[in-house]
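Okay, so here's the structure we're looking at.
The values are calculated or read from the model by the stated rules, or taken from the named source; none is laboratory data. The structure displayed is predicted, hence computed values, not measured ones. Cβ placement follows ideal geometry from the backbone for every residue including glycine, while neighbour counts extend to all protein chains displayed.
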Amino acid sequence: MAILKILLADADEKYLHVLKRRFTEELKNRATIETITDRAYFMHQFSMPQALSLLVVSEDWYEIGLERHGIANLFLLTAGKDEAPKNGHPSIYKYDAVKTLFERIYTSCEFTDAEPKKPAATKVIAVYSPIGGIGTTTVAVGLGLALARQKKKVLYLATDGLQNFQYLLPADRLPNGAERPLRNDDGAGDVFAHLQPLLEIHAGLSCLPPFHQPLAALRWKAEHWINLCKFVRRSGQYDYIVLDCSSEFSAGNSRLLGPADLRLIVAGQSHFDVRKLGSFTRCFDSSVGQTEYICNRYDKSRPNCLLDEALAASVPIREYLEEDAALSTPEGLCRPNVLDRLTALAEGG
């Protein structure tokens with residue numbers, strides 16, 4: 001049987017000592033048992049991916065970010081009796097007899113012979129359209145918000161040279177010079193450490209506010225976005241990175257699309273839109289990795305040129321998102337039956 005990995009976390013050092021001793025007596029050499037009594041250190045540990053058979057943690061230390069780690073069993077230590085579960089995790093009254101507490105935890109756990117499941121790697125979703133004004137940013141932000149509502153940790157990055165997404169996610173522009181440590185031109189800095197204090201959170205969705213100048217003026221290139229994603233993935237803090245790409249089919253955008261786990265291509269139904277899409281597909285290799293096509297701002301009353309037989313064979317449209325004024329607000333973006341299907345798609349459905 002695999003060695004169980006157990007972590008006990010609470011500010012009461014004497015209490016944890018007694019609890020750990022009970023676990024050690026019962027489990028002997030079947031488990032490695034660690035304790036943490038400092039909350040700051042606990043948060044530091046979980047800023048990196050963790051895989052545990054069991055986490056017993058103070059309810060005051062619980063945060064939603066723990067959900068993205070590979071924790072097979074999680075219990076919350078509470079100071080009050082009969083408290084309701086939090087996000088489905090059972091509460092344990094910490095002042096019960098240690099023997100009673102151990103038996104309740106151990107008999108409720110689902111231990112297997114396998115090692116604890118490791119947290120999934122951060123998935124990069126690149127949202128792109130060769131058609132300007134088709135609502136790429138609306139789809140990208142909406143997808144990020146929908147994933148966030150499903151308790152996923154999501155980071156939205158707008159890669160457009162002029163960056164104008166504040167109509168959906170109100171955010172002040174970054175201060176002058178904020179881009180320098182993020183560029184990491186000398187390759188020696190911890191980019192994620194510089195990134196974290198700059199992020200803003202809207203309805204559960206993290207975003208990097210727009211830069212104070214156009215990206216070209218800041219010498220910011222596609223390689224800098226790629227490097228930023230690398231540091232974010234390495235941190236293990238996010239389930240998803242949503243890249244909102246500009247509409248030009250440039251060498252920079254090609255480099256952004258290439259390594260993405262999912263390329264979400266936004267199409268339109270008009271003759272002009274379809275011609276632009278056809279030009280793009282002739283230059284883009286969609287056979288590598290996962291590429292999905294959706295039609296945004298679909299209007300049933302207008303001709304749907306995406307049904308052209310020559311195009312339909314190479315560009316299967318996965319979803320049609322109908323035109324709706326409600327899509328201009330974050331709340332509208334997450335209304336039922338609009339982006340839930342895209343959320344399933346993003347999660348591999």
Completion exercise
Here the residues within segment 246-272 that are within 28 Å of Glu322 (Cα to Cα), hydrophobic (A, V, I, L, M, F, W, C) and over 17 Å from the mean Cα position of the chain (by Cα) are Phe249, Leu256, Leu257, Ile265, Val266, Ala267, Phe272
Handout entry: Residue check, Val315 β-branched (Val, Ile, Thr), modelled with pLDDT under 85 and surrounded by 16 or more Cβ atoms within 10 Å (Cβ to Cβ)
Key = yes
Exercise for the section: Report yes if some residue within segment 37-53 is over 26 Å from Phe231 (Cβ atoms), of a type in the set (Val, Ile, Thr), part of a strand (DSSP E or B) and out of contact with any Pro (no Cβ under 7 Å at 6 or more places or on another chain); otherwise report no. Expected result: no
Problem - Positions within segment 163-205 being at pLDDT 90 or above, under 17 Å from the mean Cα position of the chain (by Cα) and either outside the structural domain of Tyr238 (by TED's automatic domain parsing) or not in a helix (DSSP H, G or I) (or both), in sequence order - result: Leu199, Glu200, Ile201, Leu205
Problem - Count of residues meeting criterion [assigned to a helix (DSSP H, G or I) and either surrounded by fewer than 21 Cβ atoms within 10 Å (Cβ to Cβ) or not assigned by TED's automatic domain parsing to the domain that holds Leu162 (or both)] in segment 131-151 - result: 1
Problem - Any helices (runs of 4 or more DSSP H) falling wholly within segment 232-319 and containing at least 1 residues that are in contact (Cβ under 8 Å) with a residue 40 or more places away in the chain and out of contact with any Cys (no Cβ under 6 Å at 6 or more places or on another chain) - result: 251-257, 271-283
Completion exercise
Scanning segment 6-36 residue by residue, the ones that are among the charged types (D, E, K, R) and either part of a loop (DSSP other than H, G, I, E, B) or outside the structural domain of Arg68 (by TED's automatic domain parsing) (or both) total 2
Practice task
Please tell me if Ser206 is under 16 Å from Thr159 (Cα atoms) and in contact (Cβ under 8 Å) with a residue 12 or more places away in the chain.
Solution key: yes
Completion exercise
Within segment 60-76, residues in contact with a Phe, Trp or Tyr (Cβ under 8 Å, 6 or more places away or on another chain), over 12 Å from Ser47 (Cα atoms) and buried (at least 19 other Cβ atoms within 10 Å of the Cβ) come out as Ala72, Asn73, Leu76
Completion exercise
Per the filter on segment 159-197, residues charged (D, E, K, R) and surrounded by fewer than 17 Cβ atoms within 10 Å (Cβ to Cβ) are Asp172, Arg173, Arg180, Asp185, Asp186, Asp190
Exercise for the section: Report yes if some residue within segment 218-225 is farther than 23 Å from Asn253 by Cα and of a type in the set (Lys, Arg); otherwise report no. Expected result: no
Exercise for the section: Check segment 243-254 and report whether any residue there is farther than 18 Å from Leu157 by Cα, at pLDDT 90 or above and either assigned by TED's automatic domain parsing to the domain that holds Ala148 or crowded, with 17+ Cβ neighbours inside 10 Å (or both). Expected result: no
